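Engineer: Structure incoming, see below.
Values quoted throughout were computed directly from the atomic coordinates according to the rules given, and no laboratory measurement underlies them. Owing to the predicted nature of the structure, the values given are computational and were not obtained by experimental measurement. Counting neighbours? That spans all protein chains shown, and the Cβs are built from the backbone with ideal geometry, glycine included.
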């Protein structure tokens, strides 16, 4: 029996399923990671996948469960709304979306996503909406952990998010497809044959890529340089993959208006935040780094409105 | 017999093989197009593919043959050098690379490519080489046709080239992977399911993409807008493919420092130069448009140094 479990916290993203048992103080008792991301689960199969991943935890603990991420998308378990920005913790907590459960079972609920309607400084110009699912929980979790109520929160990944927070509310954000572009170029482009996909990370080549992108010629041009550096033997295949990574992360950072000396809150897997921290430092920008602890802290804080099993 | 044929002009690119019989005044007598681009020909098979494509023309005319494009690359028929920029017509003509032929056969030669060593205005910063193969012939051909000796020559394609010409010499150029990025995003990315790949071109959606990219948020962000515009039903799948095309061509144009009222020389397939002309017009830039005639004119001009069949 897991009587010490107060919450099953679950982050069900596009490409992975992660869960943790948290105690009454929000401390992590146990974690699990599975490869069954939302994109790999067929419609109608979500309850079954959830049961095999966490059913034993549910039965042993009787604790409620809160799920964030793409599980609440059109392709997910049950579609949830997007909270419109500016959005604070209370708006998010008020829109948790319970799943229908059999009587006597502890509640399971999904966290809504966030949306914003493009850059409000571009009045009169074409505005395109933006969305996140899962990162909003990490942002509010990071606020819980750090006590920060204002700042630029950066969540690198397949689709990186840069979110502006003021007075503890997310006022707007932008998505960058850097991770997906990197995968596309590495796997499917003409550049693939110039790269050694199994190479160890090369910090110096990565820095050259970041610095190159800062020269402002644009990603469409800079990417071709991976081919020519290879063609003339100016950089070897082992280093070129890190160079390409630097070009992409550098392009993402160069698109921001960051002043030297600024500091951002960087949230994500350590392998990725290490790269972003290095690239930000090359732009003179510092960071506070957090990992998945931000997810668990966010879900724990949001769960306070959930009931427990009705006896 | 093709006694009127003075030159077999061949453009052998990555993905296609095109040839033309030209008369003594450079006029096109006949054209052929094949799908056997350099990337689809195995090492050692180039002579055989060439023979099946143009062998009858060779035997009937006894005319020399000049080949431009990727046939001169590492992956091609016979590797040729790159002329270093700044490069004029005479440097290119002096470096034609003859193929070994049996005695009595008319000569076959390959045109070298061009290389430059990055933006010379960026002294002290990281410089990355750039290359072209085939486009240099089109540029010199365009000069022949238009009489222009100065200007910005734009050759859209899988890897678009923007070349600066001064006093009839190519002083430098930059490659943009716009066409390849478009193909990658359309075929392999998360955006693919939002697009109708069989849709007719949508001029208004294309213009929205060009204008969106001009707002300067960067391609990594703007591309994600294809997904959110679809998600909220702001643009339908038929229009979104043109919108994405506008984002990419717009990003390529925004990367230049073009002043409104400028004019460029645009060389390429009419379907593509039509799009670029529209996007340039949205930036206030005009253009002179040329198609494959530039290739034949360039090869004809370069062929004057070639002999004919030795009797």
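Engineer: If R0 is 22 Å, what FRET efficiency do you get for residue A:231 and residue A:204 from their C-beta distance, rounded to 0.05?
Structural biologist: Numbers: r = 20 Å, r/R0 = 0.92.
After rounding to 0.05, the efficiency reads 0.60.
Engineer: R0 = 22 Å: FRET efficiency of residue A:150 with residue A:257, Cβ-based, nearest 0.05? Intermediate results must be reported in sequence, preceding the final value.
Structural biologist: Details: r = 17 Å, r/R0 = 0.75.
Using R0 = 22 Å, I get an efficiency of 0.85.
Engineer: Two decimals is fine: what's Rg over Rh for the range B:85-167, C-alpha atoms, Kirkwood radius as Rh?
Structural biologist: Over the Cα atoms of the range B:85-167, Rg/Rh equals 1.05.
Engineer: In the protein assembly as shown, what percentage of the DSSP-assigned beta bridges are antiparallel, given to the nearest 5? List each step's numbers first, then the result.
Structural biologist: Details: 62 of 96 bridges.
In the protein assembly as shown, approximately 65 percent of DSSP beta bridges are antiparallel ones.
Engineer: Let me ask something else. List the relative contact order of the range A:22-92 as a percent without decimals, with contacts defined as Cα pairs under 8 Å and 6+ residues apart. Write down the numbers at each step before the final one.
Structural biologist: On the way: 31 pairs, mean separation 17.7, N = 71.
Relative contact order for the range A:22-92 comes out at 25 percent.
Engineer: Would you please state the base-10 log of I(q)/I(0) at q = 0.18, 0.21, 0.29 1/Å for the range B:248-311, with intensities from the Debye formula using one equal scatterer on every alpha carbon?
Structural biologist: Results for the range B:248-311 at q = 0.18, 0.21, 0.29 Å⁻¹ read -0.70, -0.84, -1.21.
Engineer: Also, I was wondering about something else. Helix-only estimate, please: 222 nm mean residue ellipticity of the protein assembly as shown, summing -39500 (n - 2.57) across DSSP H runs of length 4 or more and dividing by its residues, to the nearest 500.
Structural biologist: On the way: 20 runs with 219 residues, N = 622.
Dividing the helical sum by the residues of the protein assembly as shown leaves -10500 deg cm²/dmol.
Engineer: OK, next. Sorting B:232, A:182, A:173 on the 10 Å Cβ count, fewest up front, what's the list?
Structural biologist: Values: B:232 14, A:182 17, A:173 24.
If I rank by nearby Cβ atoms, fewest first, I get B:232, A:182, A:173.
Engineer: Going by how many other beta carbons lie within 10 Å of each one, how would you line up B:249, A:253, A:67, B:145, fewest first? Before the final figure, lay out each step's value.
Structural biologist: Numbers: B:249 27, A:253 24, A:67 30, B:145 18.
Starting with the residue having the fewest Cβ neighbours, the order is B:145, A:253, B:249, A:67.
Engineer: If I take every Cα pair under 8 Å that is 6 or more residues apart in the range A:132-223, average their sequence separation and divide by the length, what percent do I get for the relative contact order?
Structural biologist: Working: 80 pairs, mean separation 13.5, N = 92.
Reported relative contact order: 15 percent.
Engineer: Using a 10 Å cut-off on Cβ to Cβ distances, tally the other chain neighbours for every residue of B:223-231 and report the average as a whole number. Don't skip to the answer; put the middle values down first.
Structural biologist: Details: counts 6, 11, 8, 2, 7, 9, 2, 0, 6.
Shielding by partners across B:223-231 averages 6.
Engineer: Also, quick follow-up: Starting from one equal scatterer on each C-alpha and no solvent at all, send me the Debye-based log10 I(q)/I(0) for the range B:13-57 at q = 0.18, 0.33 Å⁻¹, two decimals.
Structural biologist: With no solvent term, the Cα-only Debye profile gives -0.57, -1.17.
Engineer: Right, something else. For the range B:201-259 and the range A:238-311, what is the separation of their C-alpha centers, rounded to whole Å?
Structural biologist: 27 Å
Engineer: For helix B:237-254, report the angle its Cα long axis makes with the longest principal axis of the Cα atoms of chain B; keep it between 0 and 90° and round to the nearest 10°.
Structural biologist: Tilt relative to chain B: about 70 degrees.
Engineer: May I ask you to derive the FRET efficiency for residue A:102 and residue A:79 from their Cβ-Cβ distance with R0 = 22 Å, giving the value to the nearest 0.05? Please report the intermediate quantities before stating the final value.
Structural biologist: Details: r = 22 Å, r/R0 = 0.98.
About 0.55, to the nearest 0.05.
Engineer: Now for a separate question. Among B:144, B:101, B:278, whose mean-square fluctuation peaks in a Gaussian network model of chain B (Cα, cutoff 10 Å)?
Structural biologist: Most flexible of the set in this elastic network: B:101.
Engineer: Which angle between 0 and 90 degrees, to the nearest 10, do you get for helix B:270-282 versus the longest principal axis of chain B when only C-alpha atoms count?
Structural biologist: 40 degrees
Engineer: Ranked by Cβ crowding within 10 angstrom, fewest neighbours first, how are A:52, B:68, B:245 ordered?
Structural biologist: Numbers: A:52 11, B:68 28, B:245 23.
The most exposed by this proxy come first: A:52, B:245, B:68.
Engineer: Moving on to the next point. Averaged over B:175-182, how many beta carbons belonging to a partner chain fall within 10 Å of each residue's beta carbon? Please list the in-between numbers first.
Structural biologist: On the way: counts 7, 8, 12, 3, 1, 9, 7, 0.
Mean inter-chain Cβ contacts per residue within 10 Å come to 6.
Engineer: Take the alpha carbon gyration tensor of chain A, find the square roots of its eigenvalues, order them as a ≥ b ≥ c, and report rounded if a/c is under 1.5; if not, report prolate when a/b exceeds b/c, else oblate.
Structural biologist: Numbers: a/c = 2.12, a/b = 1.68, b/c = 1.26.
Verdict is prolate for chain A.
Engineer: Right, next: Taking every pair of distinct Cα atoms and averaging 1/r, then inverting, what Kirkwood hydrodynamic radius in Å comes out for the range B:129-255? Intermediate values should be presented prior to the final figure.
Structural biologist: On the way: mean 1/r = 0.0633 Å⁻¹.
This gives a value of 15.8 Å.
Engineer: Moving to a separate point now. Does the range B:194-298 classify as rounded, prolate or oblate by the C-alpha gyration tensor (a ≥ b ≥ c root eigenvalues; a/c under 1.5 gives rounded; else a/b over b/c gives prolate, otherwise oblate)?
Structural biologist: Numbers: a/c = 2.65, a/b = 1.57, b/c = 1.68.
Taking the square roots of the gyration eigenvalues as a ≥ b ≥ c, the range B:194-298 is oblate.
Engineer: Quick check of the Kirkwood formula: for the range B:1-89, what is the inverse mean of 1/r over all pairs of different Cα atoms, in Å?
Structural biologist: On the way: mean 1/r = 0.0728 Å⁻¹.
Result for the range B:1-89, one decimal place: 13.7 Å.
Engineer: Here's another thing I want to ask about it. State, in angstrom, two size descriptors of the range A:144-219 derived from its alpha carbons: Rg to one decimal place and Dmax to the nearest whole number.
Structural biologist: Cα only, the range A:144-219: 16.5, 49 Å (Rg, Dmax).
Engineer: To the nearest 10 degrees, how steeply does helix A:135-146 sit against the main Cα axis of chain A, on a 0 to 90 scale?
Structural biologist: Approximately 80 degrees, to the nearest ten.
Engineer: Relative contact order for chain B: what percent, with Cα pairs under 8 Å and sequence separation of 6 or more?
Structural biologist: Numbers: 632 pairs, mean separation 54.1, N = 311.
Once normalised by length, the contact order is 17 percent.
Engineer: Per q in 0.18 Å⁻¹, report the Debye log10 I(q)/I(0) for the range B:30-174, using one uniform scatterer on each alpha carbon and no solvent.
Structural biologist: Values returned for q = 0.18 Å⁻¹ are -1.13.
Engineer: Sticking with this one: Mind putting together the pair-distance distribution for the range A:44-101? All Cα pairs, 5 Å bins, whole percent per bin, short to long.
Structural biologist: That works out to 4, 14, 24, 24, 16, 11, 6, 1, in percent per bin.
Engineer: Here's another thing I want to ask about it. Which value in Å does the Kirkwood hydrodynamic radius of the protein assembly as shown take, with 1/r averaged over all unlike C-alpha pairs and then inverted? Walk me through the intermediate numbers first.
Structural biologist: Working: mean 1/r = 0.0371 Å⁻¹.
About 27.0 Å, per the Kirkwood formula over Cα pairs.
Engineer: Take every residue in peptide A:248-259, count the Cβ atoms of other chains within 10 Å of its Cβ, and give the average of those counts. Let's see the in-between values first.
Structural biologist: Values: counts 1, 1, 0, 4, 3, 0, 2, 7, 2, 0, 0, 0.
The per-residue average across the peptide is 2.
Engineer: Packing-wise, with mean Cβ within 10 Å as the measure, how do A:257-263, B:203-209 rank, highest first? Write down the numbers at each step before the final one.
Structural biologist: Values: A:257-263: 11.1, B:203-209: 19.7.
My ranking of the peptides, most packed first, is B:203-209, A:257-263.
Engineer: Where in the range B:175-210 does the label zone of residue B:278 land, with the point 7 angstrom along Cα→C-beta and an amide N cut-off under 13 Å?
Structural biologist: Counting backbone N atoms under 13 Å from the label point, the list is B:200-210.
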